[in-house]
Amino acid sequence: MPGVLQEKVAVITGGTSGIGLAIAHRFVREGARVFVTGRDNGRLEAAVKEMGPAVTGVRSDVSHLADLDALYARVREDAGRIDVLVANAGIAADAALGAHTEANVDLTLAVNVKGTLFTVQKALPLLAENASILVVGSSNSVRPNEQLEVYSASKAAVSNLVHNWARQSRERRFRVNVLSPGPTRTPGLVGAAGPDVDRFAEALVPLGRLADAEEIAEAALFLASDASSFVTGAELFADGGYTRA
Ligand code: NAD
């Protein structure tokens, strides 16, 4: 049986680790041709080796506009269009009030807000009719974390951008949605939060555990595919109930 993304071209930023990598795997299983981006050539090579010939790795930092231009030039040359764009690259590099540094604030906003915005804007000329754009947000967009205040604000900002973009769905012939995970077992989260992360999830997530990245990828597949053909401007919380706790 053909997969639900058969012959679709997908671009996933930050697709070499965690949630982005799980989404790439899931899309490949559904027949998509996938471009994954990241900043590290070694990790890009490993991801391509792991997933096979349907995947192309492109070194590209979303906070550098010239890198995004190079990424989309490569996609144009190799595939000619984008059916599914996943603006996933993001970092949580900040602190609490009293401990912020200019460098951390600038970095968080440059990757999460500026990077997401230009990932989408620069893709516009390549988007196929009825393309699906997924912006990876966070449950912290509505349930801010005082240890990650700028991160939380940055995710609220991208949700707000998507709200505006969704209003343009008809004239731009796209759908655009936010996929907001709750705490998810990824190198990014475990690296930042350390070994207590499971106890934190047990205490605070109504489903009593961290998500696996594969569970977030299932939600991404829904938003990417025609199964969500009438969904635009939504924020889908795949968070085990975290925003409601
Ligand atoms: P991760 O650190 O495991 O992976 C992040 C990926 O993004 C990596 O491949 C990294 O190289 C890439 N990346 C980072 N900065 C980049 C840049 N400037 N340009 C290009 N690529 C860059 O993280 P993850 O936990 O899988 O996070 C993925 C997304 O999910 C992020 O947007 C994050 O904010 C969001 N998120 C994660 C969680 C969680 O608990 N893990 C929860 C909510 C939201």
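The values are calculated or read from the model by the stated rules, or taken from the named source; none is laboratory data. Since the model is a prediction, treat every value here as computed from it, not as a measurement. Virtual Cβ from ideal backbone geometry, glycine too; neighbours counted across all protein chains shown.
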| Qualifying positions in the stretch 59-104 - surrounded by 18 or more Cβ atoms within 10 Å (Cβ to Cβ), among the β-branched types (Val, Ile, Thr) and over 16 Å from the mean Cα position of the chain (by Cα) | 75
| Just to be sure, is residue 24 surrounded by 23 or more Cβ atoms within 10 Å (Cβ to Cβ), within 14 Å of the ligand (Cβ to nearest atom) and in a helix (DSSP H, G or I)? | yes
| said: With the requirement that a residue be of a type outside the set (Gly, Ala, Ser), touching a residue at least 24 places away in the same chain (Cβ under 8 Å), surrounded by fewer than 23 Cβ atoms within 10 Å (Cβ to Cβ) and within 14 Å of the ligand (Cβ to nearest atom), what does the stretch 27-49 give you? | reply: 40, 43, 44
| field | Residue count for the stretch 207-217, restricted to those that are touching a helix residue (DSSP H, G or I) at 6+ places or on another chain (Cβ under 7 Å) and on the phi < 0 side of the Ramachandran plot | value | 6
| Condition met for residue 5 (away from the ligand (no atom under 13 Å from the Cβ), over 19 Å from residue 134 (Cβ atoms) and touching a residue at least 40 places away in the same chain (Cβ under 8 Å)) | no
| message | Only one of 58, 62, 86 is modelled with pLDDT of 95 or more and part of a loop (DSSP other than H, G, I, E, B). Can you tell me which? | response | 62
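Out of the residues in the stretch 162-194 meeting the condition of being assigned to a helix (DSSP H, G or I), crowded, with 19+ Cβ neighbours inside 10 Å and within 14 Å of the ligand (Cβ to nearest atom), tell me which one is modelled with the highest pLDDT.
Of the stretch 162-194, the ones assigned to a helix (DSSP H, G or I) are 162-166, 169-172, 187-193.
Next, from what is left, pick out any that are crowded, with 19+ Cβ neighbours inside 10 Å: 162, 165-166, 189.
From what's left, within 14 Å of the ligand (Cβ to nearest atom): 162, 189.
Working: 162: 98, 189: 87.
By that ranking, first place goes to 162.
Return yes when residue 139 is away from the ligand (no atom under 11 Å from the Cβ), at pLDDT 95 or above, of a type in the set (Ser, Thr, Tyr) and crowded, with 18+ Cβ neighbours inside 10 Å and no when it is not. I'd like the intermediate steps shown before the answer.
Numbers: away from the ligand (no atom under 11 Å from the Cβ): no; at pLDDT 95 or above: yes; of a type in the set (Ser, Thr, Tyr): yes; crowded, with 18+ Cβ neighbours inside 10 Å: yes.
So residue 139 fails the test.
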| field | Residues that are in a strand (DSSP E or B) and either at positive phi or surrounded by fewer than 24 Cβ atoms within 10 Å (Cβ to Cβ) (or both), drawn from the stretch 1-21 | value | 9
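Return the residue satisfying two criteria in turn: it lies in the stretch 195-212 and is modelled with pLDDT of 95 or more and more than 8 Å from the ligand (Cβ to nearest atom), and of such residues it is farthest from residue 244 (Cα to Cα).
Narrowing the stretch 195-212 to residues modelled with pLDDT of 95 or more: 205-212.
Next, from what is left, pick out any that are more than 8 Å from the ligand (Cβ to nearest atom): 205-209, 212.
Values: 205: 9, 206: 8, 207: 11, 208: 13, 209: 15, 212: 19 Å.
By that ranking, first place goes to 212.
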